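Here is the structure we will look at.
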C-alpha cells in the first residue's frame, strides 16, 4: 500500500511540475519574472542543476568542473549552427554527445580519486579547458571574442533544404519557429520537464539506490564485492550530458559561446544552486537555480537611482547612509550578496531550502500534535 | 670554455629556472599555509587565496596611507594660470624628512610590519568565528563555506579598492636587474634578473625556514606537530590543542599575507588575484602530498620552474599551449601515478 502511495505521489509530483513549468509565465508574473529571457534562464539552469544533483546528491562527489561541460555544449551547438543547420535539435544532440564524451574522459580519470582529491582534479581539468579555450584552441573557440555566427557560414543542411536567411544573422529556429521569446522558453521548458522525468526515474531506480550506497559508504559497497566506479562514472557522465544540454540551450537561445562560461566561477554557481535548493532532493536544484537567477536579475538591476527612491521615506542623511550600505550588495556588488547567501545556507541550512521546508512542515505537524508517523526522518544525509 | 650552443642553452635554462623560482616561492608559501591548516585542523581552506590577496591589499593600504598629502600654498611661485602654486608633500615626508621619504620608497617592505598583526587577527577571527564550527562537518561543507567566504572577501575588497589592478612600485634601489649570467661565468647581459625577484626568493626562503624552525625547535611547534599526528592523545595529555591550532591558523594566514605583500611589485594586485593563485596552490598541495609541509614547498618550487620552462618559445612551438596547462597536466599525472602526492603520508586524506 505504501508502495502504491509512493508511485502516486511521484505521479502527482510530476504533474505538478509540468503544470508549474507550463504555467511559469503566469505564475511568475506577479514577482516580475514573467518575461521570456529570464524564464529561459530558469529552465536552462534548472537542467544544469538537475544534472549536477545526480552527481552530488546521489553519489556525494563534489565536482568543481562542471562548467567545462556547459562550455563544451555551447561550443558544439554554435558549431553545428555554423556548419549544419539552425535547427536546434541536431545541435543539442551533438552537444549532449560531445559533453558526454568529454565527461567520460574526465570522469574516467578523476573518479580514480574521491573526496577532496576528486574536487581538485575536476577543478584542474576545468581550468585546463578554460585556459586552452582562451589560448591554443582559438581557431575553434575564437578566444576572447567568443564564437559567433556569421553570414558566410556554410550551414550545409539549411542550404540543401533551400533555406536562405538572407543578409541578416539567423536566429535558431525549430522548423520555422524562432527560438526566442516564449517559443524559446517553451522549448527549454519541455526539455526541463523531460530532464526532470529522467532524473526522477534515476532517483527511484535500483541504479539510483546503488549511487546512494556509494554516497553513504563506498567502502562497504566495495566489501560486498561490487565495483562502484562504473556506477559513479555513469552518474558523472549523465550529469555531464545534462550540463552539455544546458550549455547547448544557452547557445540556442542566444547563439554565442564564450570561454568565460567554462570558468570555475560558473562551476561554483551550479554548486551553489544545488546546495541552496537542497542536494539530493528532486525539486531542490531546480528551485535553487530559479532563486539564484531571479535574485541575480533583480539585484544586479538595482542602481543608485532605484535605491534612492526606495529609501526616499527616510530623512536625507539616513537615506544617504542606507543607500551607500545597500549599494554594496546590489548592482555590481551582487556577487557579495551571493557569497553571503552561500555562507548562510551552508552554515545554517546544509540541506538547502528543501530541508528548511521540511523542518517547517515537521514543526507544524508536531505542534498540531500529529501522530508519530508524521515526524519521520526526512533530513537528507550529509554528503561525504 | 664551453661551445657556443651549449652556452646559449645554459643561459636559457638558467633564466627559466630563475624565473620559475619567484613564482614557485609564492606557490610554496601559499601551499605551506594550506598544508599547515589542513594538517592541524583537517580543514580544506578555499579562502586561503583570499588571505594572500588581503596581504597584497595590506601593502596597497599602507601605501595609500603613507602618501596622504599635505597641501601647502607657495606664495612665491605661480602656476601658468597665475594662481599660487600648490605644493603637495606627503605628510610623512613633511614630518620625518628624509626618513619619511625612505619609508615611502620602501613602503612594500614596511608593509610587512603592518600586515603581520592584521593578518594574524584576520586569521584568528576567521578560525574562531567560522572555521571552528566546521571541524565535525563533512569536507564538502568545509569547502563550500570557505568558498563562500572567499567570494565575500573578494567582493569586499573589490568594492573598497575597485576592480582595476593597483601597481605597487618596488623600492628604487631594488627596481633594476642584476646580471646573474656574469656571476655564473656566462657572457655579460645574457641572463638578467630583476633584483626584486631575488628579494622575493630570498624572502620566501626565510619565511619557509622560519616556519620550519618554529615547528621543529620550539616547544609550541613540538606540540603542534604532535597534534598533527594525533590530536586526541595530545588533548588527553591535558594540552589545550585547540588554542594552539587557532594560533597555527593565524600563522598560516600571516604566511599567506606576507607572500601577498611581497608579491605586489611583481604582479599588481587586483581583487581576483587570490583565486588565481588558490587554484594553482591547491594543485601544488595535492602534488606535494596533502599534509606534508616539505612536499608542499618542494612541489611549489618544482611547479613554478616547470611552468616557466613550459613558457619558453622553443617548448611552445613543439606543444602549443603547454604553458597554460602544464601544472594541471602534472597534477593529473602525479595523482594517477602516486595517489598520495610526492611526499604524502599514509593515512592522511586517503581516498
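Values in this text are rule-based calculations from the coordinates and carry no lab data. Since this is a predicted model, take the numbers as computed values, not measurements. When we count neighbours, we look across all protein chains shown, and the Cβ atoms used for this are built from the backbone with ideal geometry, even at glycine.
Before moving on, here are some points about what is shown:
- Site pair residue B:178 and residue B:217 shows an inter-label distance of 2.4 nm when each label is modelled 7 Å from Cα along Cα→Cβ.
- Inter-part distance where the range B:33-74 and the range A:262-296 are each reduced to a Cα centre, Å: 31
- Sorted by Cβ neighbour density within 10 Å, fewest at the top, the residues A:195, B:58: A:195, B:58
- Compactness of the range B:200-351, expressed as Rg and Dmax over alpha-carbon positions, Å: 17.8, 61
- Relative exposure of A:10, B:270, B:240, B:98, judged by other C-beta atoms within 10 Å (fewest first): B:98, B:240, A:10, B:270
- Gaussian network model of chain A, springs between alpha carbon atoms under 10 Å - residue of A:175, A:42, A:207 with greatest fluctuation: A:175
- Rounded, prolate or oblate (a/c below 1.5 giving rounded, otherwise prolate when a/b exceeds b/c) for the range B:15-60 by Cα gyration tensor: oblate
- Normalised by the number of residues in chain A, the mean separation of alpha-carbon contacts (under 8 Å, six or more apart) gives a relative contact order of 28 percent.
- Estimated at 0.36 nm per residue, the fully extended path between residue B:136 and residue B:88 surpasses their Cα-Cα distance by 11.7 nm.
- Taking the square roots of 5 times each eigenvalue of the Cα gyration tensor of the range A:1-85, largest first, gives ellipsoid semi-axes of 29, 23, 14 Å.
- Each of A:144, B:232 was scored by other Cβ atoms within 10 Å of its Cβ. Listed from fewest to most, they are B:232, A:144.
- Fully extending the segment from residue A:300 to residue A:151, taken as 0.36 nm per residue of separation minus the present Cα-Cα distance, adds 50.3 nm.
- What the Kirkwood sum gives for the range B:22-166 is a hydrodynamic radius of 18.2 Å, with every pair of different alpha carbons counted.
- The value for chain B of Rg(Cα) / (2.2 N^0.38 Å) is 1.12.
- Taking the helices alone, chain B has a mean residue ellipticity at 222 nm of -22500 deg cm²/dmol, built from -39,500 (n - 2.57) per DSSP H run of at least 4 residues and averaged over all its residues.
- Selected from A:281, A:180, A:138 as most flexible by GNM, with chain A as the system and alpha-carbon contacts under 10 Å: A:138
- Across chain B, the relative contact order, built from alpha-carbon pairs under 8 Å that are at least six residues apart, equals 33 percent.
- Tail weight of P(r) past 49 Å, computed on alpha-carbon pairs of the protein assembly as shown, percent: 23
- Shape category assigned to the range A:1-143 from the gyration tensor of Cα positions, a/c cut at 1.5: oblate
- Springs between Cα atoms under 10 Å define the GNM used for chain B, and in it the highest mean-square fluctuation of B:231, B:88, B:338 occurs at B:88.
- Chain A - Kirkwood radius from inverse mean 1/r over Cα pairs (Å): 22.3
- Helix-derived mean residue ellipticity, 222 nm - over chain A, DSSP H n ≥ 4, -39500 (n - 2.57), to 500: -22000 deg cm²/dmol
- At R0 = 35 Å, FRET efficiency that the Cβ-Cβ distance of residue A:97 and residue A:29 yields, to 0.05: 0.40
- Cα gyration tensor shape of the range A:87-126, rounded if a/c is under 1.5, else prolate or oblate by comparing a/b with b/c: prolate
- A Förster distance of 56 Å, applied to the separation of the beta-carbon atoms of residue B:70 and residue B:336, puts the FRET efficiency at 0.35.
- Per-residue average of Cβ from other chains inside 10 Å of A:117-126: 6
- Here the simple spin-label model places points 7 Å from the Cα toward Cβ, and for residue A:358 and residue A:37 these points are separated by 3.8 nm.
- FRET efficiency, residue A:161 to residue B:268 (Cβ-Cβ, R0 60 Å, nearest 0.05): 0.65
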